[in-house]
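No lab work stands behind these numbers, since they all come straight from the coordinates. The model shown is predicted, which means the values in this text are computed figures rather than measured ones. So basically every Cβ, Gly included, is an ideal-geometry build from the backbone, and we count neighbours across all protein chains shown.
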Amino acid sequence: MQITFKANIPTDGEIARKLAKWFDRSIDDLPLQLRSIAEAYIPRWSELSAADQRVRADEADRELQEKIGARFEKARMDAEQANAATPARFAQRAMQDGFDKVAREKAGEPNFEARVAAVNLNPPNLARRHNSSKISLSA
């Protein structure tokens, strides 16, 4: 059984679509831009039949899509690893701070963490605080 391909059969990939009208012609007949694509992805253009050129273009398209897919997958995996490491690092730091606080309290040290008071930042209060010569914190 012999399968024949025609130049007007639609192809899947970008390379094959660009070269679709040129598969039955010599590489010298191709426009300069298409010739560079053909030379890069189908190096033995002149030795291949039109059907083999089409098959090779489809293979090149699949290989190119696989490479792009692999790059995206690697970037996604790298991003997931970076995002997964960040919360773990913060959780580990919070846990270590808790252990350090307990160790200090057991050693008899007082709690040195600063107390934070609620501050009213409405405009009259800000003006009064700005005009006062001495700023004091109240607990």
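Data overview
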{"quantity": "Coil-residue trypsin sites (Lys or Arg not before Pro) of segment 21-77, DSSP, other Cβ within 10 Å capped at 15", "calculated": "25, 44"}
{"quantity": "Karplus 3J(HN,Hα) series, Hz, for segment 22-27 with 6.51 cos²θ - 1.76 cosθ + 1.60 (x for Gly, Pro)", "calculated": "10, 5, 9, 10, 6, 5"}
{"quantity": "Segment 14-106 - convex hull of alpha carbons, volume per residue in Å³", "calculated": "103 Å³"}
{"quantity": "Fewest-first sequence of 39, 66 by Cβ atoms within 10 Å of each Cβ", "calculated": "66, 39"}
